Amino acid sequence: MRRWWKSLDFYTSISEISDDRREQAEKVASLIDLNTIDRIEVIETGASQNLGDGCFGLLFAHLANLDGGSFCSVDNDKEVCDSSIEIFNKFLPDLEYTASTSDSIQFLEKYDGSPTIVHLDSWDLDIFDPEPAMLHGFLEFQAIESKMESGSYIVVDDNFMRGTFIFWDWNDGDTEQYEVRQEILGKGSMIYHYCKKPESPWELLGEYQLGPNQKLVLRKK
């Protein structure tokens, strides 16, 4: 597990990373047991390209770099992919990294491999119109889950639990308060309910309670 903590130290040492993202990284690292996977093969949907937004892929990329593993991103915006390549070249110049400009669902459907960690972070969540992000996240999940072996992990960004108050900033500068009344609101909502079924081949790890933006962590049984 020492590799995880090296990667965590690397990620949290980046000055632009917010405290919330540092806490997320610590939680994710505590839930993923590297003993359940024999290699690091990572896919990220929604390329990490903005340090101010967390650039969470750098955590997994550093782990892949330490382990001699692979890391790739997919995003439907070429400018985002180009920005991502610049950031990864800056922080991890020895990493063999690819950023593909493509629809993430199609990319995952065509992916020829068996990833051990998948980070789903595409399609921006709109809390007042969350269904498109929910559906897209679930279609990504469906496209890749059968290619993953037992013990592999999926991490899903942007989720809020019942009772959480979200302060939503509009483009005109106004801020609106929104209370989450359903069990979960976020990109992983449909995945969350699917994984809670007894017959699901996936298990949810960790406790999910009201609070800030949370990443779901799933392990294949």
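The values are calculated or read from the model by the stated rules, or taken from the named source; none is laboratory data. None of the values given here were measured: they were computed from a predicted structure. Positions of Cβ are backbone-derived with ideal geometry, glycine not excepted, and every protein chain shown enters the neighbour counts.
Worth pointing out:
- Leading residue by the ranking (modelled with the lowest pLDDT) among those in the stretch 202-221 that are surrounded by 15 or more Cβ atoms within 10 Å (Cβ to Cβ) and farther than 21 Å from Trp123 by Cα: Tyr208
- With respect to the conditions (1) farther than 13 Å from Val155 by Cβ; (2) touching a Leu at 6+ places or on another chain (Cβ under 6 Å); (3) not charged (D, E, K, R), Ser83 falls short on a single one, namely (2).
- Just so you know, in the stretch 12-45 the residues that are in a strand (DSSP E or B) and β-branched (Val, Ile, Thr) include one that is surrounded by the fewest Cβ atoms within 10 Å (Cβ to Cβ), and it is Val42.
- Single residue of the stretch 81-122 satisfying the filter (aromatic (Phe, Trp, Tyr) and in contact (Cβ under 8 Å) with a residue 60 or more places away in the chain) that is nearest to His62 (Cα to Cα): Phe91
- Among residues of the stretch 124-155, those that are loosely packed, with under 15 Cβ neighbours inside 10 Å and of a type in the set (Ser, Thr, Tyr), counted: 2
- Test: residue in the stretch 161-180 that is surrounded by 11 or more Cβ atoms within 10 Å (Cβ to Cβ), of a type in the set (Phe, Trp, Tyr) and under 15 Å from the mean Cα position of the chain (by Cα): no
- Looking only at the stretch 185-213, and only at residues there that are touching a residue at least 40 places away in the same chain (Cβ under 8 Å) and among the hydrophobic types (A, V, I, L, M, F, W, C), the one that is farthest from Val156 (Cα to Cα): Leu210
- Within the stretch 148-180, tally of residues that are on the phi > 0 side of the Ramachandran plot and not in a loop (DSSP other than H, G, I, E, B): 1
- Checked against (1) over 24 Å from Gly52 (Cα atoms); (2) modelled with pLDDT under 95; (3) among the hydrophobic types (A, V, I, L, M, F, W, C), Trp168 passes all but condition (1).
- None of Leu95, Leu63 is over 21 Å from Trp123 (Cα atoms) and part of a helix (DSSP H, G or I) except Leu63.
- Subset of the stretch 83-108 [within 20 Å of Leu139 (Cα to Cα) and of a type in the set (Val, Ile, Thr)]: Thr101, Ile105
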